[in-house]
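See below for the structure under consideration.
The values are calculated or read from the model by the stated rules, or taken from the named source; none is laboratory data. Since we're looking at a predicted model, the values are computed, not measured. Note that each Cβ is placed from the backbone with ideal geometry, even for glycine, and that neighbours are counted across all protein chains shown. Calculation scope for accessible area: heavy atoms of the full protein, side chains included, ligands and nucleic acids excluded. Shrake-Rupley method; radii C 1.70, N 1.55, O 1.52, S 1.80 Å.
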Amino acid sequence: MKTRRILAALLSASALCAMSAVAFAEDEPKGYVTFFADKATIGQGLVCEPEVVPFYEGETGMDIVKRAADVNAVDGGFGAYVEGFADTDTGAEIPAAIAAVCPEMTGRNTEGYLSSYDYTAESGWSWFLNDESALVGISDYTPADGDVVWFRFTVYGYGCDLGIDNSSWGGNPALVEAVQTAELAKLMAESDTDSSEYAEAVKVLGTFGVSQADIDSAYEALAAANEQVDNNGTSDNEIGEPIPEDNADDKASADTGAEGVAVAIGAVLAAGAALVLSKKR
């Protein structure tokens, strides 16, 4: 009778571990995107440096933004949008090219946040998906693994200061040339943030009117630095870790190993049950 009780307990524990493994598998991220945000148009560089952000089944781009940054989200009737990013640096240094077309600029309206209508009546947060100006609101965007989401603060021409040409509908032409930053952002999210090459890449991404040549040079330098680190034997888990999931849902990230632990424990318990049974026989 005692043996049967032990066997039943072991098998029950094994079943529970198996169920836990399934639960963890369901809560694993569906994929990851690279996220960053800048306020180069007011001369202040990056608000959020590039980082890897997980997303889960059924989530939208707004979930990613809220996971990566402290933002004010507003429902404007056509879906939620980002009104402001948490930011306490009010010492704007407006680039000369923008000051020339926006001679009269105000200050900030919401304490602790860089928000829509700060500095000009045309300001706000625009976002880019894989280097292209997004055609949908962030709350209507369905994340895809490997995407790059780039939020940018505009103060002139509803994005003309970000390289968007609005002349086709009577707006202003682009004030600067559009640039491709997605690959550099991805590389930065996987890199050692303490290197001088990473610091230079941060500076480049946060510079108003930066050239594509400077972006490409920053990418090459950082890639070379990363290769040297790899050759010196630095383990992969020392750099580029995805940001943790800290929402109330308490979902397990892919690098926790929780599922593997549950399966391993279940296997051990099942083996123990088999041993008890064999001894009884």
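What residue, among those in region 95-128 that are without any contact (Cβ under 8 Å) to a residue 60 or more places away in the chain and of a type in the set (Val, Ile, Thr), is least open to solvent (accessible area, probe 1.4 Å)?
Filtering region 95-128 for residues that are without any contact (Cβ under 8 Å) to a residue 60 or more places away in the chain and of a type in the set (Val, Ile, Thr), the one least open to solvent (accessible area, probe 1.4 Å) comes out as Thr120.
Taking the condition of being over 19 Å from Asp230 (Cα atoms), open to solvent by 50 Å² or more (accessible area, probe 1.4 Å) and either assigned to a helix (DSSP H, G or I) or in contact with a strand residue (DSSP E or B) (Cβ under 7 Å, 6 or more places away or on another chain) (or both), how many residues in region 185-210 meet it?
2
Can you confirm whether Gly91 is surrounded by fewer than 18 Cβ atoms within 10 Å (Cβ to Cβ), farther than 13 Å from Thr154 by Cα and touching a helix residue (DSSP H, G or I) at 6+ places or on another chain (Cβ under 6 Å)?
Criteria not met by Gly91.
Scan region 41-54 and report the pairs whose first residue is closer than 17 Å to Val82 by Cβ and open to solvent by 20 Å² or more (accessible area, probe 1.4 Å) and whose second residue is hydroxyl-bearing (Ser, Thr, Tyr) and outside any loop (DSSP other than H, G, I, E, B), with Cβ atoms within less than 8 Å and a gap of 6+ or a chain change.
Glu51/Thr34
Tell me yes or no: at least one residue of region 45-56 is within 28 Å of Gly209 (Cβ to Cβ) and in contact with a Pro (Cβ under 6 Å, 6 or more places away or on another chain).
yes
Give just the number: which of (1) of a type in the set (Val, Ile, Thr); (2) more than 22 Å from the chain's Cα centre (by Cα); (3) assigned to a helix (DSSP H, G or I) does Thr110 not satisfy?
For Thr110, the failing item is (3).
Residue by residue through region 61-70, note down the ones that are crowded, with 19+ Cβ neighbours inside 10 Å and over 12 Å from Val33 (Cβ atoms).
Met62, Ala69
Check Trp169 against each of (1) at pLDDT 95 or above; (2) open to solvent by 60 Å² or more (accessible area, probe 1.4 Å) and name the one condition it does not meet.
Condition not satisfied by Trp169: (1).
Among the residues that make up region 133-145, is at least one of them in contact (Cβ under 8 Å) with a residue 60 or more places away in the chain, surrounded by 22 or more Cβ atoms within 10 Å (Cβ to Cβ) and of a type in the set (Gly, Ala, Ser)?
no
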